[in-house]
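The values are calculated or read from the model by the stated rules, or taken from the named source; none is laboratory data. Because the structure is a prediction, the values reported are computed rather than measured. Counting neighbours? That spans all protein chains shown, and the Cβs are built from the backbone with ideal geometry, glycine included.
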């Protein structure tokens, strides 16, 4: 299979410039349209490591869906082609940020977005999905993966930024699904119950209505409502078909808005608004009737967001390890933490318990952490791979890539002052290098601005006790750096 690379020209027209992003099965490149230079475009491929008949069908579905939809709030497709054996399609190039980033920025600042702006963004999203739901040949197009990460705000830094809905890779065209019954694809926090439970026969435009309602509620409240420390819509999708009493977690919204949201969040799709157009009209009417919004405290903590991420990992099917694992092993420790350890992958014990570093190697690591003078609440332990490779083999490159977004976000949420990578696989992955661990250890490096130290994995130390002195030397350097970081923060707080 030919490797796609920078500078390559597709179809004699599109020169590839850089990778913009990688998803579960596709990758998107920034490219220059040489016929209309200097116009920029975005080119999407199936990732080489994920090429299969099923993913090729999904890719073709996305291209077909985008080609059928002509709406200012849906990213437009301008061309299609084949490079070697890899299909690609060309889209307009967007400059801005995702709605997820927009929400997170407001949440981090504790700054409420203007309610008129919230409803304007919602209306643009709903308008785009309404057009998809109104397709008659072959029938309604259901997005199936609506979430803030798949809504792009073009020119997001300005007041007149506008919406583009992207990533129709899970779309269902005309009621004809391409997902096996019982298989779950999408993002759990925003899924309708029928989708989360694998009932593909029940997926319909009302499935998108549920996701739209979750997005609107998150924008309105900047929090994920929790009846018992768990986001309530995740409780909905994981509970019995009867659902839960949503009234007990009612946010302080005008009654008309809340009742409209409740209708859109019914457990059964037949009880919701039938499509995005109906929901959009109902929200508009509720705004006309309702009173002003009352601002709630911004209350979504890192632990809530980590729990969302953990549930997303549990539902992940991005690589073959999901077929052999018993349980995912997400993380353990205090949040936020002074120090975070990232190892390679779960072993047999972790595969059984779902707790990283719960075997003999983890017990050794716990003793080393205690020797550093740190408590369990001061550290957070995880791996770059969340599922056990069979027979503890080394993870493959596609498995490492599939998990990257998970540990990357995990590190961001844990927000450690210092990061330690354990062993060759983790160190090479995080530091993006091919150097062996013996060359990497003992020297400070950086991951996203976080001081990072590579050292030997405790499992290696159990097999090679003579290397313990080198690992301990590394951890003493980490201990001193951590003390320096904390002392610096203390000095700054006194000025």
- For helices (runs of 4 or more DSSP H) lying entirely in the stretch 384-495, having 2 or more residues that are touching a strand residue (DSSP E or B) at 6+ places or on another chain (Cβ under 8 Å) picks out 397-414, 423-431, 437-440, 468-494
- Subset of the stretch 408-427 that is modelled with pLDDT under 95 and out of contact with any helix residue (DSSP H, G or I) (no Cβ under 8 Å at 6 or more places or on another chain) - its residue that is surrounded by the most Cβ atoms within 10 Å (Cβ to Cβ): 416
- Looking at 402, 371, which one is within 17 Å of residue 472 (Cβ to Cβ) and assigned by TED's automatic domain parsing to the domain that holds residue 345? 371
- Message: Show me the helices (runs of 4 or more DSSP H) found entirely inside the stretch 221-321 where at least 1 residues are modelled with pLDDT of 75 or more.
- Response: 255-264, 276-289, 302-314
- Task: Considering only residues that are buried (at least 19 other Cβ atoms within 10 Å of the Cβ) and free of Cβ contacts under 8 Å to residues at least 40 places away in the same chain, look in the stretch 359-373 and name the one that is nearest to residue 391 (Cα to Cα).
- Result: 359
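Every residue, every condition in (1) under 30 Å from residue 16 (Cβ atoms); (2) part of a loop (DSSP other than H, G, I, E, B), yes or no:
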site	(1), (2)
91	yes, no
106	no, no
118	no, no
127	no, no
135	no, yes
